[in-house]
Amino acid sequence: MIKMGGFRSIIIANPARLSADRERLVIDTWEKTYIPMEDIRCLMLENRQITLTSSLLSRLGDMGIPVFACSGTHLPSSVFYPINCHSRQLKQLRLQMQQSLPFKKRMWQQAVVSKINNQAVCLELCENPKAENLKTFAKAVRPGDPENLEGRAAAAYFKALFGKDYTRGQENHTNALLNYGYSIFRGMIARTLAVYGFEPCLGIHHSSELNNFNLADDFLEPFRPIVDLFAVKNRWEGATITTGEKAALLDLINVQVLSGGERHSASYAIERLVQSYTACLNKEKNSLTLPTLKGLERHGYD
């Protein structure tokens, strides 16, 4: 079984050569930096002139450490995550394949309610009075969300958060922050699903044949408001995001949330969500352990 853990989110913005040495990541620029792999939660390759060895990729996979690569626009465009790492992977796949439609509708209902409630918390933290409207949406969600309250709530939420003229299709600083942050959480969720033996393309609601991360996108929904809150507090008129902002977005996986009534980092809340999904599939639980947004305070480790 893969060893999961780590607390450092590493972003490499300059040309470098990466390799492995005795369970350490070696970053070779004009001098060498050594980082214990057990301390690394994820690795972001921001510069197009970074090279790395296949031995390092293999070791990072063994450690369950996702590696994000950026496109020419400096947005995360791909993720390397572990496969064939669960001792009962076929069992997990069969459980996914055998999910009933009512089961998937209940799981999606819970994810949508959590997302909308977190959107309401985000508005409350911004002292926006329209938070109560979102709570009304959340209370009305039925299994499978046949009325598409998730989409209707999102439309009202983004207008309240970013202004009446805002749309997700605009090329601006706000959407650049959102796209970057969402990609990081999506990759972290895909990594965790793989570690627990799940096939990320088999979703509970998302079902596109062109999407290899349908299940990751399902579980991403309740975590989106973390990125939204960061974006609304850090927006400006520029069209691009800085390296410092990218590092801060990468570090959002360490933000403290409530998970099952307990305070944890967002990254561990992802793991608890996937664990609860396993329990639900095995009929050991009826509900997912979903995150509750608290703010942007970094979780402290004792």
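The values are calculated or read from the model by the stated rules, or taken from the named source; none is laboratory data. As the structure is a computational prediction, the values presented were derived from the model and not from experiment. Cβ atoms come from the backbone with ideal geometry, glycine included; neighbour counts cover every protein chain shown.
When region 252-298 is filtered for residues that are part of a helix (DSSP H, G or I), β-branched (Val, Ile, Thr) and under 15 Å from the mean Cα position of the chain (by Cα), the ones remaining, listed by number, are ILE253, ILE270, VAL274. Residues that are surrounded by 13 or more Cβ atoms within 10 Å (Cβ to Cβ), at pLDDT below 85 and not aliphatic (A, V, I, L, M) within region 48-70 comprise GLY61, ASP62, GLY64, PRO66, PHE68, CYS70, listed in sequence order. Would you confirm whether any residue within region 215-235 is at pLDDT below 95, polar (S, T, N, Q) and in contact with a Cys (Cβ under 9 Å, 6 or more places away or on another chain)? Checked region 215-235: no residue is at pLDDT below 95, polar (S, T, N, Q) and in contact with a Cys (Cβ under 9 Å, 6 or more places away or on another chain). Restricting attention to region 258-291 and to residues that are among the small types (Gly, Ala, Ser) and surrounded by 14 or more Cβ atoms within 10 Å (Cβ to Cβ), the residue that is nearest to ILE40 (Cα to Cα) turns out to be SER267.
Residue by residue through region 88-146, note down the ones that are over 15 Å from THR292 (Cα atoms), crowded, with 21+ Cβ neighbours inside 10 Å and β-branched (Val, Ile, Thr). Matches in region 88-146: VAL141 only. Looking at region 111-170 only, could you name the residues that are closer than 22 Å to ILE204 by Cβ and outside any helix (DSSP H, G or I)? Those that are closer than 22 Å to ILE204 by Cβ and outside any helix (DSSP H, G or I): ALA140, VAL141, ARG142, PRO143, GLY144, ASP145, PRO146, GLU147, ASN148.
Mind checking whether some residue in region 150-159 is out of contact with any Phe, Trp or Tyr (no Cβ under 9 Å at 6 or more places or on another chain), buried (at least 19 other Cβ atoms within 10 Å of the Cβ) and not aromatic (Phe, Trp, Tyr)? Checking region 150-159: at least one residue is out of contact with any Phe, Trp or Tyr (no Cβ under 9 Å at 6 or more places or on another chain), buried (at least 19 other Cβ atoms within 10 Å of the Cβ) and not aromatic (Phe, Trp, Tyr). Any residue at all in region 198-208 that's closer than 21 Å to SER78 by Cβ, touching a residue at least 40 places away in the same chain (Cβ under 8 Å) and in contact with a strand residue (DSSP E or B) (Cβ under 8 Å, 6 or more places away or on another chain)? Taking every residue of region 198-208 in turn, none turns out to be closer than 21 Å to SER78 by Cβ, touching a residue at least 40 places away in the same chain (Cβ under 8 Å) and in contact with a strand residue (DSSP E or B) (Cβ under 8 Å, 6 or more places away or on another chain).
Checking every residue in region 160-175 against the condition of being more than 11 Å from the chain's Cα centre (by Cα), at positive phi and surrounded by fewer than 17 Cβ atoms within 10 Å (Cβ to Cβ) gives at least one match.
Taking first residues from region 281-302 that are touching a residue at least 60 places away in the same chain (Cβ under 8 Å) and partners that are crowded, with 17+ Cβ neighbours inside 10 Å and of a type in the set (Gly, Ala, Ser), the Cβ contacts under 6 Å between residues at least 6 apart in sequence or on separate chains come to LEU288/SER276; LEU290/SER114; PRO291/SER259; PRO291/ALA269. State the number of residues belonging to region 177-201 that are over 21 Å from LYS115 (Cα atoms) and of a type in the set (A, V, I, L, M). Count: 2. Selection over region 20-48 of residues that are under 23 Å from ALA266 (Cβ atoms), outside any strand (DSSP E or B) and of a type outside the set (A, V, I, L, M, F, W, C) gives a count of 3.
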